[in-house]
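The values are calculated or read from the model by the stated rules, or taken from the named source; none is laboratory data. Quick caveat, the model's predicted, so the values are computed rather than measured. Backbone-built Cβ (ideal geometry, glycine too); neighbour counts: all protein chains shown. Calculation scope for accessible area: heavy atoms of the full protein, side chains included, ligands and nucleic acids excluded. Shrake-Rupley method; radii C 1.70, N 1.55, O 1.52, S 1.80 Å.
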Amino acid sequence: MNYAIVETGGKQYRVQEGDSITVEKLPGEEGDSVELDNVLLVSKDAKVTVGRPRVDGAKVVAEVARQGRADKLTILKYKPKVRYHVKSGHRQPVTQLSIKQIVAG
């Protein structure tokens, strides 16, 4: 089983070829190729390579499948006894990636 652990947008993702993941917004249009070079671990042919902190020369090649925004989060602030309540929302911009290839260092 070939997989890699990559970091992007302050979060870590376990990816395999053919996977589709949703990450924090990355620059690029739909159909563009993106290289994720912040690879923390690579497992290829039952051989695991752990980076310190990154694996040298390793990268994950992905294609931008969609640019969009995530589901809406509702934020509610409330203080009892003072008639204070505020309701607001937030939609985070995200990029959906389709993983094409894992290149080991």
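Side notes on the structure shown:
- Of all residues in the range 5-28, those that are free of Cβ contacts under 8 Å to residues at least 60 places away in the same chain have Cβ atoms under 9 Å from Cβ atoms of residues that are among the charged types (D, E, K, R) and assigned to a strand (DSSP E or B), 6 or more apart or on another chain, in ILE5/ARG14; VAL6/ARG14; VAL6/LYS59; THR8/GLU24; GLY9/GLU24; GLY10/GLU24; LYS11/GLU24; TYR13/GLU7.
- In this structure, ARG69 qualifies as touching a Pro at 6+ places or on another chain (Cβ under 7 Å), modelled with pLDDT of 95 or more and surrounded by 10 or more Cβ atoms within 10 Å (Cβ to Cβ).
- Criterion: open to solvent by 90 Å² or more (accessible area, probe 1.4 Å) and touching a residue at least 24 places away in the same chain (Cβ under 8 Å) - qualifying residue of ASP32, ASP56: ASP56
- If the condition is being open to solvent by 70 Å² or more (accessible area, probe 1.4 Å) and of a type in the set (D, E, K, R), then the range 8-26 contributes LYS11, ARG14, GLU17, LYS25.
- Number of residues in the range 91-103 that are open to solvent by 80 Å² or more (accessible area, probe 1.4 Å) and farther than 14 Å from GLU35 by Cα equals 1.
- One residue stands out in the range 35-47 among those that are touching a strand residue (DSSP E or B) at 6+ places or on another chain (Cβ under 8 Å) and more than 11 Å from ILE5 (Cα to Cα): the one that is least open to solvent (accessible area, probe 1.4 Å), namely LYS44.
- Cβ-Cβ under 6 Å pairs, at least 6 apart or on other chains, the range 77-99 side farther than 30 Å from VAL15 by Cα, far side among the aromatic types (Phe, Trp, Tyr) and open to solvent by 100 Å² or more (accessible area, probe 1.4 Å): HIS85/TYR78
- Yes/no for LYS81 being open to solvent by 100 Å² or more (accessible area, probe 1.4 Å) and either touching a strand residue (DSSP E or B) at 6+ places or on another chain (Cβ under 8 Å) or closer than 19 Å to GLY105 by Cβ (or both): no
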